[in-house]
Structure formats: structure tokens, C-alpha cells
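Chemist: Here you go, one structure.
The values are calculated or read from the model by the stated rules, or taken from the named source; none is laboratory data. None of the values given here were measured: they were computed from a predicted structure. Positions of Cβ are backbone-derived with ideal geometry, glycine not excepted, and every protein chain shown enters the neighbour counts. Ligands, DNA and RNA are stripped out before the accessible areas are found, and what is left, the full protein with its side chains, is counted by its heavy atoms. Shrake-Rupley method; radii C 1.70, N 1.55, O 1.52, S 1.80 Å.
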Amino acid sequence: MSDSGNIRYPVSALLASATGASFLAIFFLDPPWWVLGLPAILLAALAASGRPGQPGKALRIESDIEQVKYRHRESEQRFRALLESLPKVAVQGYDKDRRVIYWNEASCRLYGYTRGEATGRLLEELLIPDGMKEHVIAAHRAWVEEGKEITASELELKHKSGAPVAVFSHHVMLGEHTSNPLMFCVDVDLSDQKQAQRELDFVMRFDALTGLPNRQSFEADLATCLDQSPRGDQLAVIFIGIDRFAEINDAHGYTSADEVLTLIAHRLRRCQRGNDLLARFGGDEFVMALPALKSSNDVLAQVEGIHQALSQPLMLREEELYVTSSAGISLFPDNGTTASELIHNAVVAKNRAKLGGRDNDHFFDERFHRDVQRRHELTRRLRNALRHDEFVLHYQPQVAARSGRIESFETLLRWFPEEGPAVSTAELIEVAEYSELIHPLGDWIMLAACRQQASWKARGLGGRRIDINLSGKQLAQEGVLQRLEAHMADHGLTAQDIGIELTENVLIQASDRILAGLNRLYHKGMKIALDDFGTGYSSLSYLKQLPVTSIKIDRTFVRDAPSEPRDRAIMEATVFIGHRLGLEVVAEGVENEAQLELVQEMGCDLVQGYHFFKPMSSHEAGELIALPAASGTVPIH
């Protein structure tokens, strides 16, 4: 060690100790490393000359030394300027006692201390959080005394203000085997990356609109809550859906709808108890978990509080807006033991609540869940059945009450599945409408009926109309009547060959577009029957307004009329009014002689029921109308 206290290092040793970015720290030794290594340079130059002591050679060596000094001064300046210009790379140098001997401009910006404030201060006083101080001191001592390097790693150090500073820190020790080792730290600022990571973590865990946890966070938190729940404790999951939220979107726009969701989230937060979980699942759906329940009454009180909170008017740009909610509740452990089970069952219960109208709540019901599962399974089977052509049409004759002549047939859908048990027609239609498969199924029925009528006519068995049932959902789809007409045209059929049957509720609720299409068919001469008359609105005023040609009295009246005077009176009035309006009257569900005599006495025009014919296959129906006797008539008693 020199009088000045600076350590002399051979150039080879300095170079060997430097790797990567830490090599830059070599240029900040005082005096510079080229001065410390000057004796080695001189010895090398003399050895290369081969003639020490010659004046000419000495002058050349002196000149070479001056060039080396100049080049290294210039190099030192460039590297100092480079380090000072790196905005995100903070370099500090520390002596053997961890006191600052070098502090670049980036360190000033990163940690908030000026060079003057930092120089001479201890590393642990400036940058190290309290919880890390002992570890840092021990690590530095182990490197100095035992040669154990401090590995490069991400650290969270401390700003002058006390705020955390995220860096990737690399360290190099110079002169570690001497009495005056120097440690240099190269810290890369990770603030932007950490902020980006925090933002990504927020997006992954929270809903950007309301700031509530999202679905993934809720499921994870609920799973943790269940794992930590003491044995015997109850827990409830409440799934909340805002009623008719789509109307708010339509009426006010998506921006206002987002404001409403934010207000709703704020109110739900106020309903939270200390340990309750709350999240937004997406759209207008929220979910809450209530741990540590004592009884189901606690759940009811919380649900009632939610309904009341949400029923209060919301102020949307100086306008009062009212919303209601439907809630489904599942209970742990009765309705599930995992987070996914409880959430799923609460959703099922919420859907059941919505079926009951607005502002309802419903506890999970296993029977309802089984119904949902069956409907889902039937939907799958129905979709496969359409692909594999598992449906057939059966035909039930409608007979003239007086002559017994077969006037027409009503089509009835039958499903003969390749897998699973048989399904009733009523359940089949219900599932088809629920799943929207009624549209392809309805198109199949129209095409099959037209094809069958064309086949009969080609065999000379025409003259008997085939009536097709159309549901309200079918009619609501634009173009269904035009498709029916197109199928008829493709098979060479007229309006007298095909008729349609509609329930009165469908007709009364029909839009102007649907009524216009029905009127067009009516004026072409197509028979349009009002099916199941007496079971819907039964408003006689509609009969003079709607485009119908006949009414079909529901089987419940026909069944009870022989013994029930009131049913008989309703039937008589219906027949009388129907005839006065010029409508054909059909009695459905005639199953015995007493019923037949009654409908004949009342003057019904057509009769349909098991007393004459059950629904039959197209082959059986073709054979029936091919009978030579009385051109397909049946005996009337």
C-alpha cells in the first residue's frame, strides 16, 4: 500500500476480477488502473527492447508510455461518461467498511441522494430496509473474509423518502484478498417492469370497471376460505344477477350502463361484513360468500339487505334509475364442498329465481338442478337426433261429425331415439323451444308434411288437408311463413293442401309483421285453426280481428261436458259464436260415445280423438284414405 492508501493491482488481476457490466467499475479506482499497472507496462516494454539502457530505445519507450497514458485517460473519460449517461443503471462503490466512495448520476435519481449526501455514508444506512440490514452486513463480511460472493438478484431497496425501489443488483469485489477490498454494485432500475407487473396482476385478479375481485380471484379466495373453515361451520354463496339489465344498455347506452354497474358494486360493498368475499363475475352478475354462519337466517337477512340496497334509486346524471336483482343461494356443506360446486349451484338457484320474475331469491334445489341437467341432456340428444334423422310425423284424422268423412290430418311429431329412453312430445317441444332447436325442427316438420302430401297426391290420394302446428317462437323468427310457402311451391301444393294450427296466446301476442303474413295466407285460402281454444285468453273480441278459419275446443271441456253443466254451457256458447262468425268448430279429445253424441248435438263440424283414430304413421294414414269404402269415411253411430 502506498502513502496515499491506495492499493496497487496488476493489470492482469484487475482484468481477471471484472466480468460484464462490473468491468466498468475498474475505471473508477483512484488512482486509475492504468497508473497502478504502469510498472508492468514498463517492464514489458524493456523486455521487448532486448537492449536495456540504449538511449534511442529509452526515448521510444518514454514515447510509448505517454501514448499509453493518453489512451487510458481518454478511455477512462469515455467510460465515466458512459456510466453517467445510463439513466437506468445505478453504480455505487463501497470501501471495506461499506462506506460510499462512488455514486453516479443514475444512483442520485434512483435513490434520491446527491453525491455529497451519499459519499462516506454506510450502505445499510442509505439503501437497505430494516429487515435486510443484518443479512446484507453478514453477506458482505462473508465475501470479504471467506470469499463467498454475493449473487446477482432482484432486490427491493429503499429510497431516501422511504419508498421501496425495485432493482436487479450485480456485485463485484476488487482486491478481495487485500486489506482494502472495494465492492461495486451495478443496480438496474426495475420500476417500470414492476409497475407493469403490478398492473398485469391487477388485471388478472380484479375487475377493471368496479375494482372488485374477478371470478378467478373469488374462486381462489373461496377455496382458501373453505380449507381454513373450522369443522362444523356453515358458509353461503350468494349469486346476484341484475334483472333486465339489457334494457338499461338499450335505453341509456353502454357508458351509462357501466356507471350503473359501478354504483351497484359500491352498494354491494356496503353490504359486506368483515370477512365476506365479494366479486364481479362479469356482465351484470356479482357473487358474495358469507363465511362463519350460525344459521340459514343469517343468509336470509343478508339477501334481504342486498335486495333493499339495490332497490333504492340510483342517480344517473340527475335521473333516478331503479333496478332489482335476483339471487341464488347455495350452502356449504349441504350443496357442495368445493368452491366450483358452490358457485355452480348458486348460479343454478339464481336462474331458478329469475324464472319467478323480478326481485326474487331462491335456495339451491337438487330437484330443480336435476331438471336442468335433464334439459341439458335432452338438448344434446335432440341436436344429435336432428343430424341422424330420428324424427317421424304421425297423423291423426279429423272426421266430419255428421258424415264420418276424413277431412284432414293433424301432424304430430314422434321421436324414436337411437340412444336413451323415449321422450314425450310435450317435453320434446319444451326442450326444443328452450334450446332454440325449434327452428330447425320446425323447418323439418314443414318439409316432411309437404313431402308427404305431395306423395299422397301423386298416388291419387289427395283432397285431405295436412295441418301443421306452429309455435310462438317459430313465428317470431322472420321468414318462417315464407319458408312454408316455398316448401309448398317446391312440391306443387296449394293453400288447400296445407293448413296451420296456432294457440290463441300466440295469435294474440303476435306482432304486426306476423299478422300481416297470416293475413296473406288467409286470403290465399289457407285454413288457420285456433288450437286449444278456451285455455288461454279466450277473448271473443279477438275472434273477429284475427285471421282464423276455425277454432278447436280444448279436450278438457269435451272430457267433462257430459257430466259438468258449466263445461257444456261453455262449449255450446263457443259453437254458437264460432258459427255466427263463420268459423269451423272442431272438438278435440273425443274418446267415447257419450262425448261424440254431445258434440254432434251441439253442432260441431269436425271431431278428433281416440274414439275414431289414434295418431298413425304415414303408411297407415295412406292405407286409410285409400279405402274404397265411402272414400275414406268411418261409421258414425
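Chemist: Which of the numbered conditions does Glu427 fail, given that it passes all the others? Conditions: (1) surrounded by fewer than 16 Cβ atoms within 10 Å (Cβ to Cβ); (2) modelled with pLDDT of 90 or more.
Modeler: Of the numbered conditions (1) surrounded by fewer than 16 Cβ atoms within 10 Å (Cβ to Cβ); (2) modelled with pLDDT of 90 or more, the odd one out for Glu427 is (2).
Chemist: Still on this structure: Just give me the residues in the range 390-407 being surrounded by fewer than 24 Cβ atoms within 10 Å (Cβ to Cβ) and of a type outside the set (A, V, I, L, M), in sequence order.
Modeler: Glu390, Phe391, His394, Gln396, Arg402, Ser403, Gly404, Arg405, Glu407
Chemist: Looking only at the range 345-355, which residues are touching a residue at least 12 places away in the same chain (Cβ under 8 Å) and either of a type outside the set (S, T, N, Q) or in a loop (DSSP other than H, G, I, E, B) (or both)?
Modeler: Within the range 345-355, Ala346, Val347, Val348, Ala349, Lys350, Arg352, Ala353, Lys354 qualify.
Chemist: Restricting attention to the range 487-504, which residues are in contact (Cβ under 8 Å) with a residue 12 or more places away in the chain and part of a helix (DSSP H, G or I)?
Modeler: Once the filter is applied, which keeps residues that are in contact (Cβ under 8 Å) with a residue 12 or more places away in the chain and part of a helix (DSSP H, G or I), the range 487-504 yields His487, Met488, Asp490, Glu504.
Chemist: Glu320: in the same structural domain as Leu212 (by the TED database), among the acidic types (Asp, Glu) and exposed (fewer than 13 other Cβ atoms within 10 Å of the Cβ), yes or no?
Modeler: Yes, satisfied.
Chemist: Only one of these conditions is not met by Asp187: (1) assigned to a strand (DSSP E or B); (2) surrounded by fewer than 18 Cβ atoms within 10 Å (Cβ to Cβ). Which number is it?
Modeler: Status for Asp187: all satisfied but (2).
Chemist: In the range 159-184, which residue that is under 42 Å from the mean Cα position of the chain (by Cα) and surrounded by 20 or more Cβ atoms within 10 Å (Cβ to Cβ) is nearest to Glu146 (Cα to Cα)?
Modeler: So, considering only residues that are under 42 Å from the mean Cα position of the chain (by Cα) and surrounded by 20 or more Cβ atoms within 10 Å (Cβ to Cβ), the one nearest to Glu146 (Cα to Cα) is Val167.
Chemist: Kindly indicate the residue of the range 420-449 that is touching a helix residue (DSSP H, G or I) at 6+ places or on another chain (Cβ under 7 Å) and not in a helix (DSSP H, G or I) and also nearest to Asp497 (Cα to Cα) among those meeting that condition.
Modeler: That would be Leu437.
Chemist: Could you pull out the residue among Leu382, Leu342, Leu386 that is aliphatic (A, V, I, L, M), more than 23 Å from the chain's Cα centre (by Cα) and open to solvent by less than 20 Å² (accessible area, probe 1.4 Å)?
Modeler: Leu382
Chemist: Suppose we filter the range 122-158 for residues that are open to solvent by 50 Å² or more (accessible area, probe 1.4 Å) and among the polar types (S, T, N, Q); how many remain?
Modeler: Of the residues in the range 122-158, 1 are open to solvent by 50 Å² or more (accessible area, probe 1.4 Å) and among the polar types (S, T, N, Q).
Chemist: Anything in the range 584-610 that is surrounded by fewer than 17 Cβ atoms within 10 Å (Cβ to Cβ) and farther than 18 Å from Ala529 by Cα? List them, or say none.
Modeler: Glu591, Asn592, Glu593, Ala594, Glu597, Gln600, Glu601, Tyr610
Chemist: As an exercise: evaluate Thr337 against (1) modelled with pLDDT under 90; (2) assigned to a loop (DSSP other than H, G, I, E, B); (3) among the β-branched types (Val, Ile, Thr) and give the number of the one condition it does not meet.
Modeler: Only one criterion is unmet by Thr337, namely (1).
Chemist: Let me ask another. Scan Ala279, Ala246, Ala309 and give me the residue that is open to solvent by less than 30 Å² (accessible area, probe 1.4 Å) and either closer than 30 Å to Arg367 by Cα or at pLDDT 95 or above (or both).
Modeler: Ala279
Chemist: Tell me which residues, restricted to the range 190-216, are within 28 Å of Asp334 (Cα to Cα) and either aromatic (Phe, Trp, Tyr) or assigned to a helix (DSSP H, G or I) (or both).
Modeler: Those that are within 28 Å of Asp334 (Cα to Cα) and either aromatic (Phe, Trp, Tyr) or assigned to a helix (DSSP H, G or I) (or both): Arg215, Gln216.
Chemist: Also: Could you please give the count of residues in the range 569-625 that are over 17 Å from Gln398 (Cβ atoms) and basic (Lys, Arg)?
Modeler: Number of matching residues: 1.
Chemist: What number of residues in the range 84-100 are open to solvent by 40 Å² or more (accessible area, probe 1.4 Å), modelled with pLDDT under 95 and not acidic (Asp, Glu)?
Modeler: Final tally of qualifying residues: 5.
Chemist: Where the second residue is aliphatic (A, V, I, L, M) and the first is assigned by the TED database to the domain that holds Leu543 and lies in the range 506-519, which pairs have Cβ atoms under 6 Å and are six or more apart or on separate chains?
Modeler: The qualifying pairs are Leu507/Leu546; Ile514/Leu475; Gly517/Leu481.
Chemist: Let me ask something additional. Those residues that are over 17 Å from Leu521 (Cβ atoms), touching a residue at least 60 places away in the same chain (Cβ under 8 Å) and buried (at least 17 other Cβ atoms within 10 Å of the Cβ), I need them from the range 443-486; list them, please.
Modeler: Matches in the range 443-486: Gln452, Trp456, Leu461, Arg464.
Chemist: Ok, one more. For the condition in the same structural domain as Ala236 (by the TED database) and in contact with a Leu (Cβ under 7 Å, 6 or more places away or on another chain), what is the one hit in Gln272, Gln312?
Modeler: Of Gln272, Gln312, the one residue that is in the same structural domain as Ala236 (by the TED database) and in contact with a Leu (Cβ under 7 Å, 6 or more places away or on another chain) is Gln272.
Chemist: Go through the range 392-419 residue by residue and tally those that are in contact with a Pro (Cβ under 8 Å, 6 or more places away or on another chain) and outside any strand (DSSP E or B).
Modeler: Residues meeting the conditions: 1.
Chemist: Taking the range 562-583 as the search range and keeping residues that are outside any helix (DSSP H, G or I) and either among the acidic types (Asp, Glu) or over 22 Å from Tyr542 (Cβ atoms) (or both), which one is least open to solvent (accessible area, probe 1.4 Å)?
Modeler: In this case the residue turns out to be Pro562.
Rundown of residues vs (1) in contact with a Pro (Cβ under 8 Å, 6 or more places away or on another chain); (2) touching a residue at least 24 places away in the same chain (Cβ under 8 Å); (3) closer than 26 Å to Arg352 by Cα; (4) assigned to a loop (DSSP other than H, G, I, E, B), yes/no style:
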| site | (1), (2), (3), (4) |
| --- | --- |
| Phe218 | no, yes, yes, no |
| Gly232 | no, no, no, yes |
| Ile248 | no, yes, yes, no |
| Thr255 | no, no, no, no |
| Leu263 | no, yes, yes, no |
